[in-house]
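Undergrad: I am attaching a structure below and will ask some questions about it afterwards.
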Amino acid sequence: MGDLFVLQISVYVTCCPSRLNAGCHIVAKKRKSRGRGKGSKGKAKLVQCDNCGAWVPRDKIVRVTRWISPVDPQLEKELKAKGAIVPKVPITKNYCISCAVHMGLRAVRSRKERKEPYTRI
């Protein structure tokens, strides 16, 4: 009886070494890139989402750069009319996928579209 028990344990270990009581199975891929852009680089650094504060891998974030003028819009209009050059400052923000979908930066795509990489319109 003891020999049979040892044999069963060894079968589970050889089948799936990370879990003793789980069987081996193949996990389906929802996206070709698995939602990341790292390829085979290993582990990516974590970056904090500027909206919710979640820690997300750097290759998974949605990065948005907006050029913002430090001058009031009405004053900027007057200065441009007089021929002055008003500088603009780039502000880059990182968003996690859930915040990007909530803000409308990304959209939920159909199954066929998920296999292809995201392209801007």
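Laboratory data are not the source of any read-out in this text; all were calculated from the coordinates shown. This structure is a prediction, so every number in the text was calculated from the model and none was measured. So basically every Cβ, Gly included, is an ideal-geometry build from the backbone, and we count neighbours across all protein chains shown.
Undergrad: From the backbone phi of segment 65-72, what are the Karplus-calculated ³J(HN,Hα) couplings (6.51 cos²θ - 1.76 cosθ + 1.60, θ = phi - 60°) in whole Hz, Gly and Pro given as x?
TA: Once rounded to whole Hz, the list reads 10, 10, 9, 10, 8, x, 8, 4.
Undergrad: Principal axis lengths of segment 34-114 from Cα atoms, whole Å, largest first?
TA: Each principal axis gives a Cα extent; for segment 34-114 these are 53, 29, 23 Å.
Undergrad: Cut-off under 17 Å on the C-alpha distance; same-chain residues fewer than 8 positions from residue 93 excluded. Which aspartates and glutamates are left, in chain and number order?
TA: Candidates past the 8-residue exclusion: 50, 59.
Undergrad: Return 45, 115 ranked ascending by Cβ neighbour count within 10 Å, so the fewest neighbours appear first.
TA: 45, 115
Undergrad: What lysines sit close enough to residue 32 to cross-link, taking a C-alpha to C-alpha distance under 20 Å and skipping anything fewer than 8 places away on the same chain?
TA: Hits, sequence-local ones excluded: 41, 43, 60, 112, 115.
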